[in-house]
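The values are calculated or read from the model by the stated rules, or taken from the named source; none is laboratory data. Computed from a predicted model, the values in this text were never measured in an experiment. Heads up: the accessible areas ignore ligands, DNA and RNA and are worked out on the full protein's heavy atoms, side chains in. Shrake-Rupley method; radii C 1.70, N 1.55, O 1.52, S 1.80 Å.
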Amino acid sequence: MATAATAHKRVDIRRNDTVKVMTGRDMGKQGRVLRVLPDEGRVLVEHVMMVKKHVRANQQKNVKGGIAEQERPIPLSNVALVCATCGPVRIGHEVRGDRKVRVCKKCKTTLDK
Ligand SMILES: [Zn+2]
């Protein structure tokens, strides 16, 4: 359960970001963020932390039976945002015009699209 201290925790990773897994079973993998779960402090990354799931055939939903693979969310602290030029980096913040953007701490390039 989210406590008051974590409820407003800033999450600097967003959907469609490219992140690199820095620790854990899938260390070194890089993928696109499918979903951010701020309350859980977790993130769902494409092709990372795949688990096999047995699926029963369901003709009404047009689902074939068998084994499906699915991503499981991993802790946000295990991933780093990837800068196109520097690789995995720490995120800084800067005001550009009237927008506050995320920037790469190394090359200062904005990481927002
Ligand atoms: Zn950079």
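Here are some notes:
- Rounded to the nearest 500, the 222 nm mean residue ellipticity of the chain from helices alone is -500 deg cm²/dmol, with -39,500 (n - 2.57) taken per DSSP H run of at least 4 residues.
- Here the ratio of the Cα radius of gyration of the stretch 42-106 to 2.2 N^0.38 Å is 1.76.
- Per residue accessible area in Å² of the chain, where ligands, DNA and RNA are left out and the probe is 1.4 Å: 73
- Backbone HN-Hα couplings from phi across the stretch 98-103 [Karplus 6.51/-1.76/1.60, Hz, Gly and Pro as x]: 9, 10, 9, 10, 8, 10
- Computed over the alpha-carbon atoms, the chain gives an Rg to Rh ratio of 1.08, Rh here being the Kirkwood radius from the mean inverse distance.
- Relative contact order (%) - the chain, alpha-carbon pairs under 8 angstrom, separation at least six: 20
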